[in-house]
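Report on the structure given below.
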Amino acid sequence: ARIVVLVSGSGTNLQAILDASADPAYGARVVAVGADRDGIEGLARAERAGVPTFVARLSDHTSRPYWDRALTDKVAAFEPDLVVLAGFMKLVGEKFLARFGGMTVNTHPALSPSFPGMHGPRDALEYGVKVTGATLFVVDAGVDTGAIVAQSAVPVEDDDTVETLHERIKVAERAMLVESVGRMAREGFTVDGRRVRLGG
Ligand code: GRF
């Protein structure tokens, strides 16, 4: 299966998929990595792995819908079977969803429906939850609201900072992402309302 991964930052989730896909039994390979900005470690990781990259910068387009179309076209050029948003910090638009909705998953560093948005680990820490984690979901038009594929829980420690908590979440998140993306790529999946079923 052909996977396109979209990133905006350090790309440790991307790296976990790149490492897993080195084993042919994984059944999926990253055919391209896209970003919404230049100069990020996520793109460097792709280049080191010999994976084609592209950038779709919002500032290069006169408006968000034009950016949405440009992003959609760039992803479509690689004919993915699955698109993975791994730390991608933009909301995809209606053109992207029309073309790739139902075959795009996103990972979020909180246990949905708690703490959606840009600051999951910070919001969990401030709320004082004792357990948080990561959620993999099928992207829909909302912010971190799609049908849940998998979740992984981690404890919040009394002396946690946002950084130590997010690092602990990311360890669980990477493992969950690699496991689920591999299964979705090998077995296929269907989305029925709020239910995601693995298997063709
Ligand atoms: C991940 O925890 C992702 O869920 C969140 O930001 C982090 C990105 O990490 N949106 P990386 O770029 O994969 O290292």
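The values are calculated or read from the model by the stated rules, or taken from the named source; none is laboratory data. These figures come from a predicted structure and were not determined experimentally. Methodologically, a virtual Cβ is constructed for each residue, glycine included, from the backbone with ideal geometry; neighbour enumeration extends over all protein chains shown.
Would you say G42 is closer than 17 Å to V178 by Cα, within 11 Å of the ligand (Cβ to nearest atom) and surrounded by 15 or more Cβ atoms within 10 Å (Cβ to Cβ)?
So G42 fits the description; yes.
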- Item | Top-ranked residue in the range 96-109 [being of a type in the set (A, V, I, L, M, F, W, C) and under 13 Å from the mean Cα position of the chain (by Cα); ranked as farthest from G146 (Cα to Cα)] | M103
- Within the range 1-49, can you find the residues that are of a type in the set (D, E, K, R) and touching an Asp or Glu at 6+ places or on another chain (Cβ under 9 Å)? R2
- Please determine, by comparing only the residues of the range 110-131 that are more than 18 Å from the chain's Cα centre (by Cα) and within 16 Å of the ligand (Cβ to nearest atom), which one is surrounded by the most Cβ atoms within 10 Å (Cβ to Cβ). A124
- Task: Kindly indicate whether F96 is out of contact with any Asp or Glu (no Cβ under 7 Å at 6 or more places or on another chain) and either within 16 Å of the ligand (Cβ to nearest atom) or at pLDDT 95 or above (or both).
- Result: no
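Can you list the strands (runs of 3 or more DSSP E) found entirely within the range 143-200 that contain at least 1 residues being modelled with pLDDT under 95?
189-192, 195-198
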- Residue within the range 116-139 that is under 27 Å from L18 (Cβ atoms) and in a helix (DSSP H, G or I) present: yes
- Take the range 27-39 and flag every residue that is buried (at least 18 other Cβ atoms within 10 Å of the Cβ), more than 19 Å from A70 (Cα to Cα) and within 16 Å of the ligand (Cβ to nearest atom). V30
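With the structure loaded, tell me whether P24 is surrounded by fewer than 20 Cβ atoms within 10 Å (Cβ to Cβ) and at pLDDT below 95 or whether it fails that test.
The answer is yes for P24.
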